[in-house]
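Participant: Shown below is the structure under consideration.
A short reminder: the numbers here are calculations on the coordinates, not readings from a lab. Since the structure is predicted, the reported quantities are computational estimates derived from the model, not experimental observations. When we count neighbours, we look across all protein chains shown, and the Cβ atoms used for this are built from the backbone with ideal geometry, even at glycine.
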Amino acid sequence: VTFNLAAFMTISYWLDAHREKQTRQVDVAIIGGGIMGACAAWWLSKRKGLKTALIEANKPGWGAAGRSGGFVLRGIMAYYDQACERYGREQAKWIFQFTEQTQAHMAEFAEQTGNQFQYQRCGSYLLACSLEELHYLERAAAMLVEDGFTAEYLKQDPLKRDYYGAIYNPGDAAVQPALLVEALIAASGVSVLQGEQVFRLEPSSTGGVEIESGGYRIRCDRLLLLTNAYAPLLEQWFAGKLQPVRGQVIVTRPLKKQVLDRICYANFGYEYFRQLPDGRLLLGGCREPFAAEEVTYADNVTPSVQTALIGYLKDRFPEAAGVGIDYRWSGVMAFTRDGLPLVGELIHQPVVTGSLPRSVPGVFYALGCNGHGLGWSFALSKLLVEVALDGADPGLFSASRLNAKAVAAQ
Ligand SMILES: Cc1cc2nc3c(=O)[nH]c(=O)nc-3n(C[C@H](O)[C@H](O)[C@H](O)COP(=O)(O)OP(=O)(O)OC[C@H]3O[C@@H](n4cnc5c(N)ncnc54)[C@H](O)[C@@H]3O)c2cc1C
């Protein structure tokens, strides 16, 4: 069952009320079979004796995870020096170390499971497209090294493709993201209900949480809401806190020779490219000049971004001229105002006039991966499971920071 989530996020009385539904009772239910849902299921499987279910509107990987570039990068969509300015140096260091934990867990998972998802620790280049960007990269590299991270500043373009220089991050990795989701779900043994879109989420009259989809009514003690960009469509409390941003990608036919051996991230992350194991070039991004058009849930590619992607390919990869494009796709990311995910329990009182109260104890969320969900995945879902099951503090990612800012602005 596949359909455009953007078009169908509610259900009518006519379509639903006459249906007989199966009921299920589990300890922990997960909504969303993306990288976060799959990773959370895997962490939950390490807790003995928990009955779990993962409910997915389409099929696992159908959202942004299976449409991503497959880059597993350290850090966030801000170079290290910018992150230090934004969050303070200690917190930026902590964030970058946190994403390195994902890389370590993923490498271990690949080894334990016979690398079923083309994990490759190939390293990355962060490439400067201007002298200004080179200046940021030089500063970022120096600060990374000062803070104990491995990074190398290259003042010449390592690709010889008209970039101004780069940072080389040897610890970054590439994966086949749809296979990674599959491998995690298989290893977790979680019961998957696919083609089931949840349209209701309420406190249960018998305690815990009740959710409902077309075919199921599920009661659980705890619910992990891992629908990333789609969360505001199910749960209004997230409206305005997560912005949906579409990203577009192209993949060429296989090239005759290998032209890249690392994953590449350029123009402050607005463009990214890699060569796939079968020789194809994958290129994504080019949305920056069309930012307003790309704030959408619609799953389609557009002439403006696609033309820009083809132009980029022509300029930087003459080898790809005339090779042909085999795939074009889009996916929807979720951005927060400060670039960090939101983690917490859905117990929120209105702090700002007009904002919605919403309290469903037992519902826990980790949302707003800001275009780096693979990089956040293992570490963030581990934290979420600890928040939900052990009462851990979401710390820096707590949504209470939004309230604090809102009160300050009043
Ligand atoms: C084009 C593109 C390229 C990207 N490249 C990279 C990259 O190289 N590296 C990187 O780290 N990140 C990348 N990202 C970002 C990354 O894909 C996301 O950050 C990540 O997938 C978020 O994971 P998630 O599991 O939270 O959400 P998703 O992967 O979006 O999964 C959410 C799931 O929830 C399901 N769902 C939604 N609503 C409901 C409902 N009501 N009921 C049941 N199920 C529901 C959806 O069907 C979906 O499968 C890219 C994103 C895009 C769009």
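Participant: Of HIS135, HIS18, how do they rank once you tally other Cβ atoms within 10 Å and put the fewest first? Provide the component values of the computation, followed by the final result.
Facilitator: Numbers: HIS135 14, HIS18 7.
Result, fewest neighbours first: HIS18, HIS135.
Participant: Sticking with this structure for a sec: Given labels modelled 7 Å from the Cα in the Cβ direction, how far is it in nm from SER205 to SER45?
Facilitator: My value for the distance between the label points is 3.7 nm.
Participant: Quick one: Kirkwood hydrodynamic radius for the range 1-107, alpha-carbon pairs, angstrom, one decimal?
Facilitator: 17.4
Participant: If you don't mind, another one. With charges set only on the Cβ (+1 for Lys and Arg, -1 for Asp and Glu), what does the dipole of the range 213-371 come to about its Cα centre, in debye to the nearest 20?
Facilitator: On the way: 17 positive and 14 negative charges, 54 e Å.
Approximately 260 debye in magnitude.
Participant: While we're on this one: Using Cα springs under 10 Å in a Gaussian network model of the chain, which residue among GLY88, GLY285, GLY215 shows the largest mean-square fluctuation?
Facilitator: Evaluated over the chain, the most mobile residue of the options is GLY88.
Participant: Let me ask another. Rounded if a/c is under 1.5, else prolate if a/b is larger than b/c, else oblate: which is the range 135-258, with a ≥ b ≥ c the root eigenvalues of its Cα gyration tensor?
Facilitator: Numbers: a/c = 2.60, a/b = 2.09, b/c = 1.25.
Judged from the Cα gyration tensor, the range 135-258 comes out prolate (a/c at least 1.5, a/b above b/c).
Participant: Within a 10 angstrom radius of the beta carbon, how do ILE95, ILE347, ILE35 rank from fewest other beta carbons to most? Mind showing how you got there, number by number?
Facilitator: On the way: ILE95 24, ILE347 12, ILE35 32.
The fewest-first ordering by Cβ neighbours comes to ILE347, ILE95, ILE35.
Participant: Can you put MET36, MET143, MET106, MET9 in order, fewest other beta carbons within 10 Å first?
Facilitator: On the way: MET36 32, MET143 19, MET106 24, MET9 16.
Listing MET36, MET143, MET106, MET9 from fewest to most nearby Cβ atoms yields MET9, MET143, MET106, MET36.
Participant: Pulled fully out, how much extra length does the chain show between GLU132 and ASN115, if you take 0.36 nm times their separation in residues and subtract their Cα-Cα distance? Don't skip to the end; give the middle numbers.
Facilitator: On the way: separation 17, 0.36 × 17 = 6.12 nm, distance 3.93 nm.
Full extension of this stretch gives 2.2 nm more.
Participant: Please give me, ordered by residue number, the trypsin sites (Lys or Arg not before Pro) of the range 250-305 that lie in loop per DSSP and have at most 11 other Cβ atoms within 10 Å.
Facilitator: On the way: sites: LYS256, LYS257, ARG262, ARG274, ARG280, ARG287; in loops: LYS256, LYS257, ARG262, ARG280, ARG287.
In loop regions of the range 250-305 (DSSP not H, G, I, E or B), the sparsely surrounded trypsin sites (Lys or Arg not before Pro) are LYS256, LYS257.
Participant: First check a/c for the range 216-279, with a ≥ b ≥ c the square roots of the eigenvalues of its C-alpha gyration tensor; if it is under 1.5, answer rounded, and if not, answer prolate when a/b is larger than b/c or oblate otherwise.
Facilitator: On the way: a/c = 3.59, a/b = 2.23, b/c = 1.61.
Verdict is prolate for the range 216-279.
Participant: In the chain, once you exclude exposed GluC sites (Glu not before Pro) (DSSP loop, at most 15 other Cβ within 10 angstrom), what's the longest stretch remaining? Could the numbers behind the result be given before it?
Facilitator: Details: sites that count: GLU20, GLU293.
That gives 21-292 as the longest site-free run.
Participant: Charges on Cβ only, +1 for Lys and Arg, -1 for Asp and Glu, centred on the Cα centroid of the range 200-306; of CYS220, VAL305, PHE290, which one is farthest towards the dipole's positive end?
Facilitator: VAL305
Participant: Can you list the lysines whose alpha carbon is less than 17 Å from that of LYS256, not counting same-chain residues fewer than 8 positions off?
Facilitator: Counting by Cα, and skipping residues close in sequence, LYS256 has these lysines nearby: LYS314.
Participant: Looking at the chain, what % of its DSSP beta bridges pair antiparallel, to the nearest 5?
Facilitator: Numbers: 46 of 71 bridges.
So the antiparallel bridges in the chain amount to around 65 percent.
Participant: Still on this structure, I have one more. Size of the dipole of the range 166-270 about the Cα centre, Lys and Arg at +1 and Asp and Glu at -1 on the beta carbon, nothing else charged, in debye to 20?
Facilitator: On the way: 10 positive and 9 negative charges, 101 e Å.
Once rounded to the nearest 20, the dipole reads 480 debye.
Participant: Here is a follow-up. Using a/c under 1.5 as the rounded threshold, could you call the range 24-81 rounded, prolate or oblate? The axes a ≥ b ≥ c are square roots of the C-alpha gyration tensor eigenvalues, and prolate needs a/b larger than b/c, oblate otherwise.
Facilitator: On the way: a/c = 3.34, a/b = 1.74, b/c = 1.92.
Note, shape of the range 24-81 comes out oblate.
Participant: How big is the charge dipole of the chain about its Cα centre, in debye rounded to the nearest 20, if each Lys and Arg gets +1 on its Cβ and each Asp and Glu gets -1 on its Cβ?
Facilitator: 540
Participant: A further question on this structure: Give the separation of the Cα centroids, the range 365-386 to the range 225-252, in Å.
Facilitator: After rounding, the separation between the Cα centres reads 14 Å.
Participant: Another question, if that's okay. For the chain, treating each Cα as an identical point scatterer without solvent, what Debye log10 I(q)/I(0) comes out at q = 0.07, 0.09 1/Å?
Facilitator: These q points yield log10 I(q)/I(0) values of -0.33, -0.54.
Participant: Also, quick follow-up: Given the Cα-Cα distance of THR307 and ALA321 and 0.36 nm per residue of separation, how much length would full extension add, in nm?
Facilitator: Working: separation 14, 0.36 × 14 = 5.04 nm, distance 1.42 nm.
Difference between extended and current length: 3.6 nm.
Participant: If you don't mind, there's one more thing I want to ask. Straight-line reach only, C-alpha to C-alpha below 20 angstrom: list the aspartates and glutamates that LYS48 could link to, leaving out same-chain residues fewer than 8 apart.
Facilitator: ASP27, ASP221, GLU386, ASP390
Participant: Scaled to the compact-protein estimate 2.2 N^0.38 Å, what is the alpha-carbon radius of gyration of the range 222-368, rounded to two decimal places? Numbers along the way, then the final one.
Facilitator: Values: Rg = 19.1 Å, N = 147, 2.2 N^0.38 = 14.7 Å.
Ratio of Rg to 2.2 N^0.38 Å for the range 222-368: 1.31.
Participant: Given the C-alpha centroids of the range 257-298 and the range 131-158, what is the distance between them in whole angstrom?
Facilitator: 21
Participant: Taking 8 Å as the Cα distance limit and 6 or more residues as the minimum spacing, I'd like the relative contact order of the chain as a percentage. Write down the numbers at each step before the final one.
Facilitator: Numbers: 880 pairs, mean separation 89.4, N = 410.
It comes to 22 percent, rounded to a whole number.
Participant: Here's another thing I want to ask about it. For the range 254-328, what mean projected area does the convex hull of the alpha carbons give, in nm²?
Facilitator: On the way: hull surface 21.6 nm².
About 5.4 nm², averaged over all directions.
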